[in-house]
Structure formats: structure tokens, C-alpha cells
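Trainee: Below are the C-alpha cells for one structure; questions will follow.
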């Protein structure tokens, strides 16, 4: 059997990645990646990742599906804005400072990025507070 068809749990690089995640303080979760079946890990930041596929969203309710979808779209927008800022910065480097449009575009992209990051922080804060409430409920029951 070729290495290409080896299950991810037998790949030494994946095992090393899982060990590194645990050493860095990540918690191994009971949930598994729907794509490869490996256990998921919660980073100290609260982000849930698969050692093979990266970021994963674990959703249990329709509200969580909506929130995860919004967060995913905002993260795509964040990446696009960072690209636009990089392009504007490069254009600014190559141009004379008499062209007023380039600084305006850069400011516009920076303001948009700031808004997206503020919304993402708000969503992630709500998620963390919601997870804390769920843990409190479990502790009271148990």
C-alpha cells in the first residue's frame, strides 16, 4: 500500500502534529473530523481544528450553523481585505504621493478590515460565553 493511501492516523507527520498540539496546550476532544475521522483539538484560543484539515466548526443547533456560516464568510472577507490592503500598499510604494486616490483606497480597506475584525471578535466572544454556559449547565446536572 502506498503512503498516499495510508490512513491519516498512521502518518508520522500527523502523529507528530497531534503530539505538538497537545504539548502546546490544546485539548483533544471527543468529536472527530467528519472528513478523516481523526480527533479534533480545541486550541487555547477556542478554535477547533483537525490535525489534517485545519479549522473545523462543530455545530449542534441551527443557530450554531448560522453563526459558523457567518464567521466563515467574514473570515473569507478578512483575507480578501488583507490582499486589497497589500495591493494598495504596493501601489502606494510605486506612485507619487500626488495621487490622492491611492491613500483613500488604503484607508477604506483598513476601515473595512477593522469592522470585520470587530464583528469576528464579537461573534467569537459570544461563542466562548455560550460554551461557558453549557459547561455550567453540565456541572450543575452532574
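Trainee: If the requirement is being modelled with pLDDT of 85 or more and farther than 28 Å from residue 59 by Cβ, which of these qualifies: 4, 16? Break it down into steps so the answer makes sense when it comes.
Mentor: Values: 4 fails: modelled with pLDDT of 85 or more.
Result of the check over 4, 16: 16.
Trainee: Spot the failing condition for residue 68; the list is (1) surrounded by 11 or more Cβ atoms within 10 Å (Cβ to Cβ); (2) modelled with pLDDT under 80; (3) part of a loop (DSSP other than H, G, I, E, B), and only one is missed.
Mentor: Just one mismatch for residue 68, condition (3).
Trainee: Sticking with this one: How many residues are out of contact with any helix residue (DSSP H, G or I) (no Cβ under 6 Å at 6 or more places or on another chain), surrounded by 11 or more Cβ atoms within 10 Å (Cβ to Cβ) and part of a loop (DSSP other than H, G, I, E, B) if we restrict to segment 35-65?
Mentor: Within segment 35-65, the first condition is being out of contact with any helix residue (DSSP H, G or I) (no Cβ under 6 Å at 6 or more places or on another chain), and the residues that meet it are 35, 37, 39-40, 42-45, 47-50, 53-56, 58, 60-65.
Cutting the leftovers down to surrounded by 11 or more Cβ atoms within 10 Å (Cβ to Cβ) gives us 35, 37, 39-40, 42-43, 47-50, 53, 55-56, 58, 64-65.
Right, trim to part of a loop (DSSP other than H, G, I, E, B) and you get 35, 37, 43, 47, 53, 56, 58.
Total meeting the criteria: 7.
The values are calculated or read from the model by the stated rules, or taken from the named source; none is laboratory data. Treat the numbers as computed from the prediction; the structure is a model and nothing was measured. All Cβ positions, even for glycine, are placed from backbone atoms using ideal geometry, and neighbour counts span all protein chains on display.
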